[in-house]
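Worksheet for the structure shown next.
The values are calculated or read from the model by the stated rules, or taken from the named source; none is laboratory data. Everything numeric in this text was worked out from a predicted model, so none of it was measured. Every residue, glycine as well, gets a Cβ built from its backbone with ideal geometry; the counts of neighbours run over all protein chains shown.
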Amino acid sequence: MSTKQLVYQGLDAVTVSLTKVPEDFLQQVQVGFQIILGPKEVFQNFLFLDSTNDYSKLIEEKQNAWFISPFTGMGYPYTDAVRLDKQYQFQGNSLYQYSLATWWSAFTPCSHSHGFLSQVLTTKFYSLNLYQFEVKQKSQLGSTTSISVHFLENNQILNTTGEFYVTLEKDLTDIRIDINVVCPLGKWIESNFEKCLDCPIQKLYKQNYKCSNTLKELVFKIQYSKQAQAYSELLINISENLCDMKQILYNQKLEEIIMFSINLTDI
């Protein structure tokens, strides 16, 4: 009987490996997998079973959820065929009889499971919280580029124009970012920093700066904290006179939440 192991490798990769290979594995001409990924609350009341005989269980229906009963492994002589029959019979009062049985010859040994996939998610994926904010004004230029964004935790520096996608590891609890902006004569720097998405009080740090001979560069030193251990997906846009950052959230739908924007405008 073969069994499988699912290994989650970061944000973009999943590896499936056979951890128990049957003797007749080389006789198989095709192996396929179906993978369902989701947050923990999606998977409800799952049982994982190894069966060598007919199986039956009374299941209580769950609202706003799909009942599924996948096979996770099988073992049988290659000279024989799989002869298994699944049935779902309504018993009344939101109860179903789920059964797995043979319909001919011997029962095919198998690993299987059953449970519910929730259609409605209640877990809230929160945005990063801005809890430390500092601005340094410089009378001498220290940067060679107009705008640069430096993620201190992974030493990633963005100092060219374009749109950048940045993923922060889930084990990072604090995220420190330095933003350097050159302040040319004849320009204003308008800065807007959102404190958090769901703050009950002051949500926005807003400030304007007039460039001069004594103000040639600004350094915004900011620090965010996570409300939950999860990957953080960020979109940073840098142009000649603009820098903004958005966080991608998945709450029933995909959202892009503005974290900060810095604009250079003519006086």
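Before moving on, here are some points about what is shown:
- Residue within the stretch 180-190 that is touching a residue at least 12 places away in the same chain (Cβ under 8 Å), touching a Leu at 6+ places or on another chain (Cβ under 9 Å) and outside any strand (DSSP E or B) present: yes
- Scanning the stretch 83-129 for residues that are in a loop (DSSP other than H, G, I, E, B), at positive phi and either touching a Cys at 6+ places or on another chain (Cβ under 7 Å) or among the small types (Gly, Ala, Ser) (or both) turns up Ser94, Ser105.
- Flag: Ser139 does not match the condition of being touching a residue at least 60 places away in the same chain (Cβ under 8 Å), farther than 21 Å from Leu254 by Cβ, outside the structural domain of Thr214 (by TED's automatic domain parsing) and hydroxyl-bearing (Ser, Thr, Tyr).
- Top-ranked residue of the stretch 112-123 - restricted to ones that are surrounded by 12 or more Cβ atoms within 10 Å (Cβ to Cβ) and not hydroxyl-bearing (Ser, Thr, Tyr), ranked as farthest from the chain's Cα centre (by Cα): His112
- Asp178 under 26 Å from the mean Cα position of the chain (by Cα) and over 24 Å from Ser139 (Cβ atoms): no
- Annotation: Asn159 fulfils all but one of (1) more than 19 Å from Leu130 (Cα to Cα); (2) surrounded by 15 or more Cβ atoms within 10 Å (Cβ to Cβ); (3) not acidic (Asp, Glu); the unmet one is (2).
- Counted as qualifying within the stretch 194-266 are the strands (runs of 3 or more DSSP E) with 2 or more residues that are more than 30 Å from the chain's Cα centre (by Cα), namely 204-210, 217-225, 254-266.
- Residue that is farthest from the chain's Cα centre (by Cα), among those in the stretch 182-193 that are buried (at least 18 other Cβ atoms within 10 Å of the Cβ) and under 16 Å from Met259 (Cβ atoms): Ser191
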